[in-house]
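Notes for the one structure printed next.
Every number here is computed from the coordinates shown, using simple stated rules; none is lab data. This is a predicted model, so every value here is computed, not measured. Reconstructed Cβ throughout: ideal geometry from the backbone, glycine too, with neighbour counts over all protein chains shown.
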Amino acid sequence: MSESYPISIQGYEKLKKVLKKLTSTDRPAVVSAISTAREHGDLKENAEYHAAKEQQGFIEGRIQELNAKLALANVIDITNLSGEKIVFGATVTFVDVDTDEEKIYQLVGDYESDIEQNKISISSPIARALVGKSVGDTLTIPIPKGKIEIEILEIEFIV
């Protein structure tokens, strides 16, 4: 049996919005496309029909996937979090000791990570190394290019 996973309220709402679009817009549209394609005759050589059926399979699979994700979600309100240690939802500012490059990342659920928005998955190597650490801690984190040594500068709980 699958385990629950952490997700922010914003991430949960985003998944619900995607699910609603799939069930209320995309599913009916593909059913209509299948119906229209059927009217064109022989289904064996009807590319329109086969494409619509393939799209229907994708949509139904995605709906099942999202329903399962939502059922297992452990929704966490980041605005209620605080503390001096890094946990899920924390926004962490750290500096690369070698390059003096400062970075800011928020630790979020697997399904809401977005590197362009500086949101990294709680299960990523960097996030796993950060969890439990405090301001002033220095640590070495393995990354695909080797290792980086960082110092934690700030921990915030912001949305």
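Structural remarks
- Qualifying trypsin sites (Lys or Arg not before Pro) in region 1-102, DSSP loop, other Cβ atoms within 10 Å at most 12: 44
- Listed residue (51, 139, 80) projecting farthest to the positive dipole end of the chain, Cβ model: 51
- Cα-based shape type of region 80-156, given that a ≥ b ≥ c are square roots of the gyration tensor eigenvalues and the cut on a/c is 1.5: oblate
- Among (i) 10, 29, 23, 17, 12, 7, 2, 0; (ii) 10, 34, 31, 14, 7, 3, 1; (iii) 11, 33, 25, 17, 11, 4, 0, the entry derived from the coordinates for P(r) over Cα pairs in 10 Å bins from 0, in percent: (i)
- Computed extension length for residue 44-residue 159: 36.2 nm, one decimal, from 0.36 nm per residue of separation with the Cα-Cα distance subtracted.
- Rounded to the nearest 20 debye, dipole of region 5-76 from Cβ charges on Lys, Arg, Asp, Glu: 440 debye
- Size of electric dipole in the chain: Cβ of Lys, Arg +1 and of Asp, Glu -1, about Cα centre, debye, nearest 20: 720 debye
- Tensor-based shape of region 5-76 (alpha-carbon gyration tensor, a/c under 1.5 rounded, otherwise prolate or oblate): prolate
- For region 36-138, with +1 on Lys and Arg beta carbons and -1 on Asp and Glu, the positive-most of 104, 94, 40 along the dipole: 40
- Candidate lysines - alpha carbon under 30 Å from residue 53, same-chain residues fewer than 8 apart omitted: 14, 16, 17, 20, 21, 44, 69
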